[in-house]
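What follows is a short report on a single structure.
Where a number appears in this text, it was derived from the coordinates with a stated rule and is not lab data. Just so it is clear, the model here is predicted, and its values are computed rather than measured. So basically every Cβ, Gly included, is an ideal-geometry build from the backbone, and we count neighbours across all protein chains shown.
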Amino acid sequence: MKTSLEIIKQLIQWFEIFDKENPESEIELTSFIIWLNSKLFVDEHTDQSTHDHDVLDMELSFLLALQNRHYKAYAKAALGESELSSPEGFSFLYHLSLVDSYRKMELIKMHLVEPPSGIEVLKRLLKKQLIEEFDDPDDKRAKRIRITDTGKKEIQIILPKMQDVFSSMTADMSLNEKLHVVSFLKQMNDYHNKKTGALKHPVNPL
């Protein structure tokens, strides 16, 4: 059995590794705990000799795609008769509620949506006066968008229903399991963002 001092020394060693692996990231206790959780989980549960990596890659990709379909099905049911007709519309409006404004293409790229599809989503939000557009003071060729008071009210109405969707998506996982999944998915998302040059979400993508 390890003494308290030995455990503290071990934690310091883990933290040094975390700091080296994340030199440009803002150090937060929550991030370190999630990272350490994932490391300990891998160390205790991974036996590479018993797995076919190609099969695992295929199964993981397929399961991730299925989760997206489950989310869209749950979200469409929750949105129902609201002014938001699609999960993308909700996500666009929700992220606009967190900031002062975005450039149109900035918001579209953030959601990894094809420009024509993203423009259509914005047009529907504009038509329903949930958002408004205005000239970008830094670039006369660009337009910025922001949420309106009507849009803020709509978010307040629909958000509790969407919270139920988020709870359904995490099934019956324990807190520890959720922490592991979040850590792994963040790692995957960071990899793809660097590879594709995608803009980083201010919060977890919806």
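Counting only alpha carbon atoms, the long axis of helix 149-169 and the longest principal axis of the chain meet at about 30°.
Principal axis analysis of the Cα atoms in the stretch 126-180 yields extents of 49, 26, 14 Å, listed in decreasing size. Each of the trypsin sites (Lys or Arg not before Pro) that DSSP puts in a loop and that has at most 13 other Cβ atoms within 10 Å breaks the chain; the longest unbroken stretch is 3-199. Remark on A142: its backbone amide H falls under 5 Å from those of D136, a criterion applied only to residues 5 or more positions apart or on other chains, H modelled at 1.01 Å from N. Computed from phi, the 3J(HN,Hα) profile of the stretch 100-108 under the Karplus parametrisation 6.51, -1.76, 1.60 (θ = phi - 60°) reads 6, 6, 9, 6, 3, 5, 5, 5, 5 Hz, with x in place of Gly and Pro.
What longest region of the chain stays clear of GluC sites (Glu not before Pro) that DSSP places outside H, G, I, E and B and that have at most 11 other Cβ atoms within 10 Å?
Numbers: sites that count: E24, E26, E28, E81.
The longest uninterrupted stretch comes out as 82-206.
Taking every DSSP helix (H) stretch of at least 4 residues in the chain, weighting each as -39,500 (n - 2.57) and dividing the sum by the residue count yields a mean residue ellipticity at 222 nm of -22000 deg cm²/dmol.
In percent, what relative contact order does the chain have, based on Cα pairs under 8 Å that are 6 or more apart in sequence? Relative contact order for the chain comes out at 23 percent.
What size of dipole, in debye to the nearest 20, comes out for the chain about its Cα centre when the only charges are +1 on Lys and Arg C-beta atoms and -1 on Asp and Glu C-beta atoms?
Approximately 880 debye in magnitude.
Against the chain, whose longest principal axis comes from its Cα atoms, helix 4-21 is set at around 50 degrees. When the alpha carbon coordinates of the stretch 75-206 are projected onto the principal axes, the ranges are 48, 38, 24 Å, largest first.
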